[in-house]
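Visitor: Following this message is one structure expressed as structure tokens.
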Amino acid sequence: MKTAIIKKPTTEQQNQIILYLYQFRYLIVSQLLKLLNHKDPRRIQEWLNDLLKRKYIAQIKNEEISNGYVYCLDTKARSILKEDEDLSASVLGRLYKEKQKDAIFIKRHLFIAQIHLYFLSQKEEGQELNFFTAQELRGFEDFPELLPSAYIEVADKKETTRYFLDYFDEYTPAFVIRKRVKFYIQYLNIDWQAKIDNVPPPSILFVLPTEKMKKHIQIYTREVFKKNLADDIELFLTTKSEIKTGQVKWEEVK
């Protein structure tokens, strides 16, 4: 997958803002500061205000989501993004709906951006990090039909490590997460091996809403792995609070 190139917006930084909003769907200023590696929020706000006036982006004010504005793509962004063949036409066709989504949906996507920022903070010198959201994976045949929240590659000179990451918020029932465990056993043991030659299957990362849910999924997965002889599958668990603090201890299910 190559990084899309945008030609029309005024500045390189505005180009990047539009691409990040395509990738994550929703972002706040503090996240954009980190993504753009920029220290001046006033400058970021100038770029955002210009894009707002030109209707490339929209802003959402909802204190249930954030104390400040949340930004998303608006309808005129389609005329720019459609020039890139790697971007999903179906996604671009529904940009007018982005600012109409409910708070739960928006908060979920904001936190996926937060997960990406965590991985950026852990990147070592000489490593390359590729973080593709479900939005970017649509239409690629090598990925499961039920897409993960993100597909991640961490590469250095010696090897590339791959991950499927699923984020489950506090509104996700336990049975949905248990079903996802079984899905990955089927997909990685059969479908991945059939589609991908000579590439080890990705490790699975679950970000769970609470420590209680983490323990439940850990116990459940151990039993399912034993019954299904899933020795080649690597599943690691953490919680939302650990991602927030940056003190993440990925716990492997064995």
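Matching residues to (1) modelled with pLDDT of 95 or more; (2) surrounded by fewer than 19 Cβ atoms within 10 Å (Cβ to Cβ); (3) of a type in the set (S, T, N, Q); (4) in a loop (DSSP other than H, G, I, E, B):
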{"residue": "THR3", "(1), (2), (3), (4)": "no, yes, yes, yes"}
{"residue": "GLN14", "(1), (2), (3), (4)": "no, no, yes, no"}
{"residue": "GLY68", "(1), (2), (3), (4)": "no, yes, no, yes"}
{"residue": "VAL91", "(1), (2), (3), (4)": "no, yes, no, no"}
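Visitor: Moving to a separate point now. I'd like to know if the range 173-187 contains one or more residues that are at pLDDT 90 or above, out of contact with any helix residue (DSSP H, G or I) (no Cβ under 6 Å at 6 or more places or on another chain), of a type outside the set (Asp, Glu) and under 16 Å from PHE119 (Cα atoms).
Guide: Looking for residues that are at pLDDT 90 or above, out of contact with any helix residue (DSSP H, G or I) (no Cβ under 6 Å at 6 or more places or on another chain), of a type outside the set (Asp, Glu) and under 16 Å from PHE119 (Cα atoms), one finds none in the range 173-187, hence no.
Visitor: Could you give me the residue pairs with C-beta distances under 8 Å whose first residue belongs to the range 55-77 and is over 14 Å from ILE106 (Cα atoms), whose second residue is among the hydroxyl-bearing types (Ser, Thr, Tyr) wherever it lies, and which are 6+ apart or on separate chains?
Guide: LYS55/THR75; ILE57/TYR71; ASP74/TYR56; ASP74/TYR96; THR75/TYR96; LYS76/TYR56; ALA77/TYR22; ALA77/TYR56
Visitor: Yes or no: the range 125-136 includes at least one residue that is outside the structural domain of TYR22 (by TED's automatic domain parsing), buried (at least 20 other Cβ atoms within 10 Å of the Cβ), among the aromatic types (Phe, Trp, Tyr) and farther than 30 Å from LYS227 by Cβ.
Guide: So far as the range 125-136 goes, yes, one or more of its residues are outside the structural domain of TYR22 (by TED's automatic domain parsing), buried (at least 20 other Cβ atoms within 10 Å of the Cβ), among the aromatic types (Phe, Trp, Tyr) and farther than 30 Å from LYS227 by Cβ.
Visitor: Let me ask another. Taking the condition of a type in the set (D, E, K, R) and within 23 Å of ASP169 (Cβ to Cβ), does GLU234 pass?
Guide: No.
Visitor: Return yes or no: is THR133 in contact (Cβ under 8 Å) with a residue 40 or more places away in the chain, among the hydroxyl-bearing types (Ser, Thr, Tyr) and in contact with a strand residue (DSSP E or B) (Cβ under 6 Å, 6 or more places away or on another chain)?
Guide: Criteria met by THR133.
Visitor: Identify all residues within the range 46-61 that are polar (S, T, N, Q) and surrounded by 15 or more Cβ atoms within 10 Å (Cβ to Cβ); write none if there are none.
Guide: Once the filter is applied, which keeps residues that are polar (S, T, N, Q) and surrounded by 15 or more Cβ atoms within 10 Å (Cβ to Cβ), the range 46-61 yields only GLN59.
The values are calculated or read from the model by the stated rules, or taken from the named source; none is laboratory data. What you are looking at is a predicted structure, and each value in this text was computed from that prediction instead of being measured. We place every Cβ from the backbone using ideal geometry, glycine too, and count neighbours over all the protein chains shown.
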